[in-house]
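The values are calculated or read from the model by the stated rules, or taken from the named source; none is laboratory data. Predicted, not measured: the structure shown is a model, and the values here were computed from it. Backbone-built Cβ (ideal geometry, glycine too); neighbour counts: all protein chains shown. Side chains are part of the model used for accessible areas, which takes the heavy atoms of the whole protein and leaves out ligands, DNA and RNA. Shrake-Rupley method; radii C 1.70, N 1.55, O 1.52, S 1.80 Å.
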Amino acid sequence: QVQLVESGGGLVQPGGSLRLSCVASGSTFSLWYMRWYRQAPGKERELVAVIASGGSTSYGDFVKGRFTISRDSAKNWVYLQMNSLNPEDTGVYYCNVEDYAGQYWGQGTQVTVSS
């Protein structure tokens, strides 16, 4: 089992930045993929970014170069640096990791972009 705890969400003005963090604990011997998802009110959960164990990354089309995912594999952290935020980025952001046994989810952290 893997436990995930997210942090770093909050209220930010349009054009602002936030850095989300997620730490994994438990059976973290081999975390293949670490991902960030988000879910806006009334919408389905969508993939924001993913980083593989080798460091390759991929982003949702809506990111458009504004976000950067990174990881500290030695300490089992994954980060999401979000810049140029707009109100459409509002939602609950979830950390997700995958290993040989399956996928695990954090509880989520709220991001609100509003003036």
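Tabulated results
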{"quantity": "Count of residues meeting criterion [open to solvent by 60 Å² or more (accessible area, probe 1.4 Å) and under 11 Å from Val78 (Cβ atoms)] in region 23-44", "calculated": "1"}
{"quantity": "Gln3, sole failed condition from (1) open to solvent by 30 Å² or more (accessible area, probe 1.4 Å); (2) under 12 Å from the mean Cα position of the chain (by Cα)", "calculated": "(2)"}
{"quantity": "Residues satisfying the stated conditions in region 90-115, i.e. touching a Ser or Thr at 6+ places or on another chain (Cβ under 9 Å) and closer than 17 Å to Gly8 by Cα", "calculated": "Thr90, Gly91, Val92, Tyr93, Tyr94, Cys95, Thr109, Gln110, Val111, Thr112, Val113, Ser114"}
{"quantity": "Which listed residue, of Gly55, Gly15, is in contact (Cβ under 8 Å) with a residue 24 or more places away in the chain and not aliphatic (A, V, I, L, M)", "calculated": "Gly15"}
{"quantity": "Residue list for region 70-90, restricted to those being within 14 Å of Ala49 (Cβ to Cβ) and either of a type in the set (Asp, Glu) or open to solvent by less than 10 Å² (accessible area, probe 1.4 Å) (or both)", "calculated": "Val78, Leu80, Met82, Asp89"}
{"quantity": "Region 75-107, residues that are in a strand (DSSP E or B) and of a type in the set (A, V, I, L, M)", "calculated": "Val78, Leu80, Met82, Val92, Val97"}
{"quantity": "Unique match (being touching a residue at least 12 places away in the same chain (Cβ under 8 Å), open to solvent by 60 Å² or more (accessible area, probe 1.4 Å), in a strand (DSSP E or B) and not charged (D, E, K, R)) among Leu20, Leu47", "calculated": "Leu47"}
{"quantity": "Matching residues, region 23-44, being over 16 Å from Val2 (Cβ atoms) and touching a residue at least 40 places away in the same chain (Cβ under 8 Å)", "calculated": "Arg38, Gln39, Ala40, Pro41, Lys43"}
{"quantity": "Scope region 50-64; condition open to solvent by 60 Å² or more (accessible area, probe 1.4 Å), outside any strand (DSSP E or B) and farther than 19 Å from Pro87 by Cβ; matching residues", "calculated": "Ser53, Gly54, Ser56"}
{"quantity": "Failed item in (1) of a type in the set (A, V, I, L, M, F, W, C); (2) closer than 15 Å to Ser25 by Cβ; (3) touching a residue at least 40 places away in the same chain (Cβ under 8 Å), with Ala74 passing the rest", "calculated": "(3)"}
{"quantity": "Residue in region 91-115 that is farthest from Ile51 (Cα to Cα), counting only those that are without any contact (Cβ under 8 Å) to a residue 60 or more places away in the chain and either open to solvent by less than 30 Å² (accessible area, probe 1.4 Å) or among the aromatic types (Phe, Trp, Tyr) (or both)", "calculated": "Gly91"}
